[in-house]
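Structure first, commentary second.
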Amino acid sequence: MKIAKVPCLKGEITIPGDKSISHRSIMLGSIAKGTTEITGFLPGADCLSTISCFNSMGIEIQWEGSHVLVHGKGLRGLKAPKTILDCGNSGTTTRLISGILAPQNFNVTLTGDASIKKRPMKRIMEPLSQMGAKIKSLETNGCAPFEICGSPLHGIHYQSPVASAQVKSAILLAGLYAEGETRVTEPYLSRNHSEVMLKQFGAQVQTEGTTASIVPASELYGCKVDVPGDISSAAFFLAAGLMVPGSEILIKHVGINPTRDGIIKICQAMGGNITLLNSSDSGEPVADLLVRCSNLHGTEIGGEVIPSLIDELPMLAAMACFAEGKTVIRDAAELKVKESNRIHAMVLGLTAMGADVRETDDGMVINGGKPLHGAVIDSFLDHRIAMTFAVTGLCAEGETTILGADCVNISYPGFYSDLMGLAEQ
Ligand code: S3P
């Protein structure tokens, strides 16, 4: 993919559905009784991996683009898959599904692509084992492929060392089937889509501060799920709108759950002009976001805001190159264990474009204000890295070439044409 500078971006865009919520709607729909009707579903490769896993366990899922019907078979309705479950590139599929599979009465092996096989799975194996799960990596590195031998579970109170919604969700899902109450406390609050949706499906979930708890359910019940636009995808349009001179973009129907809205807060703290319009809330809060090009200044990003913008940090790092002064990103070591090592990928790509950026143990330091030039960028087959550099390329002199650019299909099929569709000639 080749990207060149554009004069400005103008217009309206409705971005695809939230990836986290789409995964959860398939998972809960599959283990609920009756039909779950999903609108706004994200037909990205990651969510299709989740669909394919549940298809392999006997769940009928009819889908046509963003409209999906899941014919759930109840909490005990899954069948043993005949083959290994392939989670593709999706950490959410791999980790959340493990919580559902640990208490089943069958055995299963999970695997994924080259990236998944390097991502840490001990973070779910450890708490699930404490609950009584029989789960073990087939490798020596604690990664996929791993095997789960279904067994009865009991509740625990897990103090998670990381603020991770995937860890929290795996434990809560296992807790649906466990004896007694299951609790998870995390250092900072991570996205709470599982808690919100579990309640919608009839589970008894409580939250207090950074602790979530669940008691076993006799059944969940299928319902309607409207998936809002993904704020993590909207982030690329927010950044493009702020960075490309003269731009004004209206991004429609974006999920603004307070556990996910760190990108809006930090953009505003950097001087970004973003207005929320038409807010509504039926479980997951939603708004239209109006963004106008702004003079940005550097900021500090760390602490409890990090989980609420973890997937947006690559884009924020690039934005910081166009901001006056210094930006420090800290407490973000989790970036190293995402689809790629995102600290390394960002520092490499931004340096190639002429930015003043330095890698730290848990983040980056960026001195903004230096003009960037086009370069050949390795996406490391990481969708968020590819999209970040496509937006950055719009503001750089000369041509930017993104290698492995098709990986955007993981979370945003049609990304490049949507972005370029806003460019004024
Ligand atoms: C996700 C949680 C986050 C996020 C990922 C999706 C989820 O991961 O980075 O893209 O859907 O629960 P962690 O839980 O590892 O922080």
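The values are calculated or read from the model by the stated rules, or taken from the named source; none is laboratory data. Keep in mind that what you see is a predicted model, and the values were worked out from it rather than measured. Cβ atoms come from the backbone with ideal geometry, glycine included; neighbour counts cover every protein chain shown.
Would you mind finding the one in PRO245, PRO228 that is touching a residue at least 60 places away in the same chain (Cβ under 8 Å), within 30 Å of ILE385 (Cα to Cα) and more than 23 Å from the chain's Cα centre (by Cα)?
Exactly one residue qualifies, and that residue is PRO245.
What are the residues in the range 20-39 that are within 19 Å of LYS73 (Cβ to Cβ), among the hydrophobic types (A, V, I, L, M, F, W, C) and within 16 Å of the ligand (Cβ to nearest atom), if any?
Listed by number, the residues that qualify are ILE26, MET27, LEU28, ILE38.
Working only within the range 306-328, note down all residues that are within 16 Å of the ligand (Cβ to nearest atom) and either under 17 Å from THR392 (Cα atoms) or hydroxyl-bearing (Ser, Thr, Tyr) (or both).
Of everything in the range 306-328, those that are within 16 Å of the ligand (Cβ to nearest atom) and either under 17 Å from THR392 (Cα atoms) or hydroxyl-bearing (Ser, Thr, Tyr) (or both) turn out to be SER308, ASP311, GLU312, LEU313, PRO314, MET315, LEU316, ALA317.
Within the range 112-130, does at least one residue satisfy the condition of being farther than 25 Å from PHE380 by Cβ, within 16 Å of the ligand (Cβ to nearest atom) and free of Cβ contacts under 8 Å to residues at least 40 places away in the same chain?
yes
Limited to the range 245-265, what total is found for residues that are assigned to a loop (DSSP other than H, G, I, E, B) and buried (at least 24 other Cβ atoms within 10 Å of the Cβ)?
2
Take the range 336-359 and flag every residue that is within 16 Å of the ligand (Cβ to nearest atom) and out of contact with any His (no Cβ under 9 Å at 6 or more places or on another chain). Break it down into steps so the answer makes sense when it comes.
Restricting attention to the range 336-359, the residues satisfying the condition of being within 16 Å of the ligand (Cβ to nearest atom) are 336-343, 345-346.
Residues satisfying the conditions are VAL337, LYS338, SER340, ASN341, ARG342, ILE343, ALA345, MET346.
Output the number of the condition that LEU42 fails; it satisfies all remaining conditions of (1) crowded, with 24+ Cβ neighbours inside 10 Å; (2) in a loop (DSSP other than H, G, I, E, B); (3) away from the ligand (no atom under 16 Å from the Cβ).
For LEU42, the failing item is (3).
Could you grab me the full set of residues in the range 402-419 that are part of a helix (DSSP H, G or I), of a type in the set (Ser, Thr, Tyr) and surrounded by 16 or more Cβ atoms within 10 Å (Cβ to Cβ)?
Result: TYR416, single match.
I need the full set of residues from the range 176-213 which are within 16 Å of the ligand (Cβ to nearest atom) and either free of Cβ contacts under 8 Å to residues at least 12 places away in the same chain or closer than 11 Å to GLY155 by Cα (or both), in order please.
Result: VAL184, single match.
Listed residues ARG95, ARG123; which is surrounded by 24 or more Cβ atoms within 10 Å (Cβ to Cβ), at pLDDT 95 or above and either part of a helix (DSSP H, G or I) or among the polar types (S, T, N, Q) (or both)?
ARG95
Give the residue that is surrounded by the fewest Cβ atoms within 10 Å (Cβ to Cβ), with candidates limited to residues of the range 338-356 that are assigned to a loop (DSSP other than H, G, I, E, B) and within 17 Å of the chain's Cα centre (by Cα).
Filtering first and then ranking leaves ASN341.
Given the conditions (1) crowded, with 17+ Cβ neighbours inside 10 Å; (2) part of a strand (DSSP E or B), which single one is not true for ALA317?
Going through (1) crowded, with 17+ Cβ neighbours inside 10 Å; (2) part of a strand (DSSP E or B) one by one, ALA317 breaks only (2).
Working only within the range 4-21, note down all residues that are in a strand (DSSP E or B) and buried (at least 23 other Cβ atoms within 10 Å of the Cβ).
LEU9, GLY17
Is the range 298-306 home to any residue that is of a type outside the set (S, T, N, Q), out of contact with any Pro (no Cβ under 9 Å at 6 or more places or on another chain), under 26 Å from PRO16 (Cβ atoms) and part of a helix (DSSP H, G or I)?
Looking through the range 298-306, at least one residue is of a type outside the set (S, T, N, Q), out of contact with any Pro (no Cβ under 9 Å at 6 or more places or on another chain), under 26 Å from PRO16 (Cβ atoms) and part of a helix (DSSP H, G or I).
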